[in-house]
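Report on one structure; see the data block that follows.
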Amino acid sequence: MATPRLISSVLALATLTTLGACSSGALSPTGGEPKVTGVAGGNGAVPQAGTGEGTDGGQTPAALTPEAYKSELESRHKAMADAITALAGARGVKALDQRVGRAEEELSGAAEALSALTPPEAVRAQHETYVTSLRDVATELGATSGKVGARDLCTSSAVLTDLGDKLTALDQAGKALQSAGDYPADVVSVKAGERQTRRLRNGAFIRKSTLNGRSSLEIDNGSSSDAVITVIKGSSKVFSVYVRKKSKFKVRGVRDGSYKIYFTHGADWDGKNKAFTRDCSFERFEKNVKFKTTFTATQILWHDWRITLHSIAGGNVRTSPVDPDDFPG
């Protein structure tokens, strides 16, 4: 019987992209015109309590009745609660980015509108705490939006964890206002989890179809982050495998065919959503990997491939970024 022969090929990442950053800013002077206001012909008397006139001559808005105040809160309640719930349910980086922005707009607008109100005296303290908490969450959402855009945060759970303390404070402020007079201020219906760094074992398959071919694909992840490699034949996902940082794994039994190879790096693997929650990136090899078995009268020839997920000297294939929404999950 003829002895099989192995033809081995190497596919390696040869590109190294250096990202630069620059910033610019401008300082605009601000100024104003001093003004003095008063009432001509006044006798200097201090307004009596209950007249609605402040000691500086301006009008003090009358406090809203409980019914009117409740109506003002109600007009903002649903939009804020829906925005926060939608953020928690976002799937995909683009949807997450959009929903973070929407939540920021809703809470910021509500804080501005509610701060202009004069609440019933009995809930003045609770009202002020609630408005302050709305502002705090809106400000934090603004910072979070930048983190999502930079792929520092990649899933809704990571965003909620990042907002954790501020969301908890808003939830408590809303409950305090609600309990003080059944006011609709309970806009937080989600819970932020603790920061995690979940990992699968090296070589764990996330998805796998039949592997009964002769070829193999060795994956060398010399990068500083764990990775998931997804291999596609035609429109079908053949397998997705987890390879830890500074580790290697060989997938055996690869069938003949032409394959596209995608990979994502990151931290904290969310098995339910099949995504890294932090520091994520999405790429693919520009060149397809072809496996072929050849039979002759005396030999069986096949190809094995090795790919590297980090830059090396002498590599022969480039990689390209992939839109997160186009990444095969």
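Structure data summary
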item	result
Too-long pairs where the Cα-Cα distance tops 31 Å, listed order kept, from 94/250; 245/272; 166/245; 208/287; 94/237	94/250; 166/245
HN-Hα J in Hz across the stretch 265-280 - Karplus 6.51, -1.76, 1.60, θ = phi - 60°, x for Gly and Pro	9, x, 10, 6, 7, 8, x, 5, 9, 6, 7, 6, 8, 9, 6, 8
Label-point separation, residue 212 to residue 189 (7 Å along Cα→Cβ), nm	5.0
Net lengthening on full extension, residue 236/residue 152 (0.36 nm per residue, minus Cα-Cα)	27.3 nm
Å² per residue, accessible surface of the stretch 102-258 at 1.4 Å	48
Distant-in-sequence amide H partners of residue 207 (H built 1.01 Å from N, under 5 Å)	240
Estimated distance in nm for a label pair at residue 122 and residue 94, the labels positioned 7 Å out from Cα along Cα-to-Cβ	5.1
Protein accessible area in the stretch 254-329, 1.4 Å probe - carbon and sulfur %	49
Fully extended contour minus Cα-Cα distance, from residue 248 to residue 288, at 0.36 nm per residue	12.4 nm
Stretchable slack from residue 65 to residue 300, in nm (0.36 nm times residue separation minus alpha-carbon distance)	75.8 nm
Label-point separation, residue 115 to residue 318 (7 Å along Cα→Cβ), nm	4.9
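The values are calculated or read from the model by the stated rules, or taken from the named source; none is laboratory data. This structure is a prediction, so every number in the text was calculated from the model and none was measured. Backbone-built Cβ (ideal geometry, glycine too); neighbour counts: all protein chains shown. The accessibility values were calculated without ligands, DNA or RNA, using every heavy atom of the protein model including side chains. Shrake-Rupley method; radii C 1.70, N 1.55, O 1.52, S 1.80 Å.
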